[in-house]
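J.: Supplied in structure tokens, the structure appears directly below.
The values are calculated or read from the model by the stated rules, or taken from the named source; none is laboratory data. Computed from a predicted model, the values in this text were never measured in an experiment. Ideal geometry is used to build each Cβ from the backbone, glycine not excepted, and the neighbour counts take in all protein chains shown. SASA here: full protein model, heavy atoms, side chains in, ligands and nucleic acids out. Shrake-Rupley method; radii C 1.70, N 1.55, O 1.52, S 1.80 Å.
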Amino acid sequence: GIQANNYQNLNTFQEQEDACYGLTKSNNETSYPLSTGATCFDEGFKAAICALTSTSAPTHTMMPSTSTMPTSTPSVSMMPTKKLTEFPSLLPTTSKMPSQTTSPPAAICYNDADSLFKETTAYSEIPKTFHVCPNTTFNIGQLDFVSGAYVNGVPPITICNSATKILCGPHGNIEDNCTLIGGEHSVHIVNGKYFHGTNTPVLKDLLIQGFTFTGGIETKSITTLKFGIEHIDLTVRNCRFVNNPNLRSNINVNTFTSVTSTGTEHITVEDCHFENQTITQSALIHGSQEPKINIRRCSFINNQFVANNDQISTLIHSPSLRKSDNKFISNSSISIEDSCFERNKNMSFSFALSTNVDDGGIQANNYQNLNTFQEQEDACYGLTKSNNETSYPLSTGATCFDEGFKAAICALTSTSAPAPTMMPSTMPTSTMPTSTPTSTPSMMPFSGTTRACRVSVIWIEGVVFLSVMYVYYF
């Protein structure tokens with residue numbers, strides 16, 4: 001095993017005079033302490049500082065812990081402000097830390113897109129997590145191919161190393177209100193050779209979590225520059241894609257490999273919300289090389305395609321580049337579970353299309369209602385499978401799999417029991433409050449839905465019961 005860059009301080013042992021401040025190795029059941037023949041490996045435990053205190057470069061300045069969060073849209077100037085802010089320490093306030101040690105620095109977060117761009121495009125061989133400060137808005141600009149700079153806005157969030165995670169706030173919560181507006185790409189995934197000079201054709205363990213993508217004009221919200229990327233493993237979690245009036249796609253993954261390659265794209269989308277978007281291209285979630293697409297607990301509400309007879313319009317699409325005699329050869333798969341499809345318009349003929357007739361993906365417990373299609377008389381309210389590039393509607397040989405789309409209710413709505421429908425005709429005057437709330441409870445977005453708390457007061461034989469029910473609104 002590897003022991004590297006570990007920090008230790010003020011630890012004590014029963015065998016204090018014979019202790020190993022690291023890893024002990026011994027294959028003798030009676031010889032564990034060093035004095036009896038065990039070997040100590042402590043070179044990997046001599047780091048000067050704890051690596052978990054901060055991942056930023058030492059040149060970054062940190063704002064005081066009492067700094068307030070930004071309340072207005074950041075400047076779209078290309079000049080970095082170098083302004084970073086910090087999260088409160090995540091250490092318990094009651095922790096009994098030795099008095100002679102100093103508190104570790106708080107975790108860095110970014111509210112300046114240029115500074116974040118500089119950090120995420122630097123070469124790294126170790127996993128890194130970057131936090132965007134709560135209540136931050138980035139207005140994404142357009143790339144000027146002459147100057148190489150982004151104009152009319154800031155650079156997109158750019159990823160070019162494996163094991164890179166981008167979170168809104170300390171934990172990737174949508175409630176922390178990180179917003180990406182417009183741009184050609186809001187998040188761009190690129191081979192590192194275009195930035196730090198090191199070829200990174202395989203990009204695995206990528207995570208985007210807790211962001212709102214909105215205001216897109218000819219935008220691909222999350223996309224890859226396919227040239228140079230041979231394999232990608234991407235997870236998008238707890239994000240909202242809403243109010244994009246002229247959208248190309250939300251998640252568009254392209255890789256560039258031999259047409260005989262398969263299994264190069266793994267796309268997982270969890271707890272995301274897609275609503276009120278107009279789509280000009282073929283899909284909201286789209287791969288290129290026989291992708292493995294997994295959709296879990298997502299809602300697709302009131303999205304509309306612009307009719308285009310030259311393209312297939314589906315919410316989710318797993319294509320293939322391999323074909324013979326007009327037949328696709330594909331190992332792609334689409335799994336859709338616990339998701340909801342409501343009031344989506346002008347899709348070609350189904351919610352999802354797979355070019356693999358033997359697609360082994362799972363479709364289960366999905367709800368659909370009031371969706372419309374261009375091929376309304378030949379529509380599949382589920383997943384269509386076809387390996388014939390000219391035969392997608394059911395009438396021309398495609399197969400519809402809709403059993404997994406017949407849930408009676410949307411799994412993302414409240415699972416609590418219904419509120420009582422009967423209220424007492426009179427309420428006691430001596431034990432009940434004399435005034436009513438002045439406002440309704442505030443509603444916070446959560447996993448693409450909004451929830452409010454409803455409190456019912458019931459009087460039964462002299463006992464007051466408070467019944468709390470969460471009510472979810474789309």
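J.: At 1.4 Å probe size, with every protein chain present, just tell me what the per residue accessible area of the stretch 127-407 comes to in Å².
T.: That works out to 36 Å² per residue.
J.: Of T278, I181, I208, which is farthest towards the positive pole of the stretch 180-322's charge dipole, taken about the Cα centre with +1 and -1 on the beta-carbons of Lys, Arg and Asp, Glu respectively?
T.: Final value for the positive-end residue is I208.
J.: What shape does the stretch 270-372 take by its C-alpha gyration tensor, where a ≥ b ≥ c are the square roots of the eigenvalues and a/c under 1.5 counts as rounded, a/b above b/c as prolate, and the rest as oblate?
T.: oblate
J.: Further question on the same structure: Taking all protein chains as present, what is the carbon and sulfur share of the accessible area of the stretch 127-407, in % to the nearest whole number, probe 1.4 Å?
T.: About 46 percent, which is the carbon plus sulfur part of the accessible surface.
J.: Oh, and also: Separation between the N27 and I49 pseudo-spin-labels, each 7 Å from Cα along Cα→Cβ, expressed in nm?
T.: 4.1
J.: Could you check what % of the DSSP bridge pairs in the stretch 127-407 are antiparallel, to the nearest 5?
T.: For the stretch 127-407, the DSSP antiparallel bridge percentage is about 10.
J.: State, to one decimal in nm², a quarter of the convex hull surface area for the C-alpha atoms of the stretch 127-407, i.e. the direction-averaged projected area.
T.: Spelled out: convex hull of the Cα atoms, projected over all directions, averaged, 14.3 nm².
J.: How would you classify the stretch 114-198 from its alpha-carbon gyration tensor, with a ≥ b ≥ c the square roots of the eigenvalues: rounded for a/c under 1.5, else prolate if a/b is greater than b/c, otherwise oblate?
T.: Oblate shape, in that a/c is at least 1.5 and b/c is the bigger or equal ratio.
J.: Step through the table entries K165/K292; K25/K46; K165/K406, compare each Cα-Cα distance with 24 Å, and write down the pairs that go over it.
T.: Exceeds cut-off: K165/K406.
J.: Now a separate question. Output the pairs from K128/K385; K118/K220; K193/K385 with a Cα-Cα distance over 29 Å in this structure; if there are none, say none.
T.: With Cα atoms farther than 29 Å apart: K128/K385; K193/K385.
J.: Binned at 10 Å from 0, what are the whole-percent values of the Cα-Cα distance distribution for the stretch 177-247, short to long?
T.: 20, 44, 31, 5
J.: Then there's this: So between D144 and K193, what do we pick up on full extension, going 0.36 nm a residue minus the alpha carbon distance?
T.: Computed gain between D144 and K193 is 15.7 nm.
J.: How much accessible surface does V357 have with a 1.4 Å probe, in Å² rounded to 10?
T.: Roughly 70 Å² of V357 is accessible to a 1.4 Å probe.
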